[in-house]
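Here is the structure we will look at.
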Amino acid sequence: MMRHLAFAIAVAFGGALVAPAFAQQAAPQAAAQQTPEQVVQEIAHQLDTAVAGHKAELQQNREKLVGIINQVFLPHFDVDYAAILVLGQHAREATPDQRTRFAKAFYNSITHRYAEGLLSYTNGAVKVLPFAGDLNAKRSVVRTQVATGDGKTVSVDFVFRKTASGEWKAYDVVIEGISYITNYRNQVDAEIRKVGLDQLIKNLQTQGDQALKAMEQQGGKANGG
């Protein structure tokens, strides 16, 4: 199942866990007035423009592909909050410097691990479903259907919170019922218990997406995958 979701991860969760906190940019001024549903619609529209007509070029330029992910998703995701959630209980034990270095190394690794998934993106691949219920400042969910490159349709939910500045930003993505904050929190917890936070950060800094891939594989074995 995981291999069929790589495209959805790149399209959706790529934004939540792709860009490092140190590179966070200010969102457009109008973003403060956007609803969560409008934010997701804007992301889908920007992907239609930035990716669908430039696949050949992007296939030869990985850094430009990563740059598009940062440009499209980054202003709309609360990456600092997401990093704390991924660290879980270890966030309380970590120093501010460790949290910053972890976020930078971890999210850079995810960017490069899943960037190529966007090359399967086609115009209109993301269908934003009508928002149901009342907006909740702590947790509001926008549901979408993402058409993957192999013709499958994947349910992708963006989880939003309202920041102190009044902007709605996503902090988690739930793909086919799997919260990737929770998924990576479990993997990070296991790795920190095994090698320690500083060594995990060093592995991610020096090995990048290969260290992340190894961690994911170990997590799969631990869960019987």
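Leaving ligands and nucleic acids out of the surface, order 54, 76 by accessible area at 1.4 Å, largest first.
Numbers: 54 80, 76 5 Å².
Sorted descending by solvent-accessible area, the residues read 54, 76.
So if each residue of separation counts as 0.36 nm, and I subtract the Cα-Cα distance between residue 189 and residue 93, what length gain in nm does that give?
My answer for the length gained is 33.3 nm.
Before I look further, what does segment 81-225 give for accessible area per residue, probe 1.4 Å, in whole square angstrom?
I get 50 Å² per residue for this part.
Extending each Cα 7 Å along its Cβ direction at residue 153 and residue 64, get the distance between those two points in nm, one decimal.
Between residue 153 and residue 64, the simple spin-label model gives 3.4 nm.
Would you mind counting up the charge near residue 113? Only other residues with Cβ under 11 Å from its Cβ, with Lys and Arg at +1 and Asp and Glu at -1.
Taking every Cβ under 11 Å from that of residue 113, the sum is -2.
For segment 173-187, in order, what is each residue's ³J(HN,Hα) by Karplus, 6.51 cos²θ - 1.76 cosθ + 1.60 with θ = phi - 60°, in whole Hz (x at glycine and Pro)?
After applying 6.51 cos²θ - 1.76 cosθ + 1.60, I find 10, 10, 10, 6, x, 9, 7, 7, 5, 5, 4, 6, 4, 5, 5 Hz.
Just the number, please: carbon plus sulfur as a percent of the accessible area of segment 148-225, 1.4 Å probe, no ligands or DNA/RNA counted. If you can, show how the numbers build up before the last one.
On the way: 1620 of 3830 Å².
Whole-percent figure for carbon plus sulfur exposure: 42.
Residue 207 to residue 163: extension gain in nm, 0.36 nm per residue of separation minus the Cα-Cα distance?
12.5 nm
Please give the contour-minus-distance gain from residue 198 to residue 48: 0.36 nm per residue of separation, less the Cα-Cα distance, rounded to one decimal in nm. Let's see the in-between values first.
Values: separation 150, 0.36 × 150 = 54.00 nm, distance 3.93 nm.
My answer for the length gained is 50.1 nm.
The values are calculated or read from the model by the stated rules, or taken from the named source; none is laboratory data. What you see is a predicted model, and the numbers here were worked out from it, not measured in a lab. Please note: Cβ atoms are built from the backbone with ideal geometry, for glycine as well, and neighbour counts cover all protein chains shown. Surface areas here come from the heavy atoms of the whole protein model, side chains and all, with no ligands, DNA or RNA. Shrake-Rupley method; radii C 1.70, N 1.55, O 1.52, S 1.80 Å.
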